[in-house]
Amino acid sequence: MADTTKKTRASGKSAGEEVAAEEAAALTEPMEQEVLPEERNRRHFTPGFARMRTEWHDHATVARVHSAVEARIMHNFAEAFQVMSEIYDIVREPVLHADDTPVRDVHGFIVWKRNATDTGFVEDFTKITVRQREHLLFKITTSLFNWEQAAAEAWAEAMYAKAIWEESFAVGFDAPMTGTVDDRRAAGTKVSGDDKYFAVFVSAYSRRADAIVRSMERLSIRLKDVMTS
């Protein structure tokens, strides 16, 4: 018998569109640990810890995603990293090569010395002069306009990607005329897989962009407070 749930519902959406919206809403929510049937009958147990994974099976894929996000961030928020580099140049001590040149990371930034316990860096913030604070404060406040615009664009891209994923999932879900809801959900997931992973990627980038803007805002407030105290 044909499945009639493809018809438009009271909400004005098809069944696929409604399920797609539910899937999208859960995209960034914390994952719950599944409890196996045999565990449900136990009186005392710690859910999932015996089977808990502590590493990704596909390290290469996760590393590529992080690398791609990092490359975008470094390109679009280069000035924010330059501000932090200026501060570190003043308050930190570099790790040096045998010829006394500083060691640099893959992005060209100096690698800084850590303290004896390796819990932080060797730092002295009293080295920052009033003139340097003024320079950094003006640089941050004048750059925030561009950073906020870039973060807003990242959020918009994430929203577009999410909408495209929802649409492709709904198309896949509504395509089968027979089968259970789980069968149709599986069909929607299969069709929209690439769109879902791209949505995750741009969402991760958007989160990083927001974090940078917030960090720069907090830094500017702190510099201003120190100057006026």
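Taking interchain pairs and intrachain pairs at least six residues apart, which have beta carbon atoms under 6 angstrom, with the first residue in the stretch 108-130 and farther than 22 Å from E79 by Cβ and in contact (Cβ under 8 Å) with a residue 24 or more places away in the chain and the second basic (K, R) and assigned to a loop (DSSP other than H, G, I, E, B)? Short answer, once both residue conditions are applied: V122/K113.
Within the option set T119, T126, T141, being among the hydroxyl-bearing types (S, T, Y), over 24 Å from V200 (Cα atoms) and not in a helix (DSSP H, G or I) holds for one residue only, T119. When the stretch 185-207 is filtered for residues that are basic (K, R), crowded, with 17+ Cβ neighbours inside 10 Å and modelled with pLDDT of 80 or more, only K196 remains. Scanning the stretch 157-188 for residues that are free of Cβ contacts under 8 Å to residues at least 60 places away in the same chain and closer than 24 Å to A204 by Cβ gives E157, A158, M159, Y160, A161, A163, I164, S168.
The values are calculated or read from the model by the stated rules, or taken from the named source; none is laboratory data. Just so we're clear, the structure is a prediction, and the values are computed from it rather than from any experiment. We place every Cβ from the backbone using ideal geometry, glycine too, and count neighbours over all the protein chains shown.
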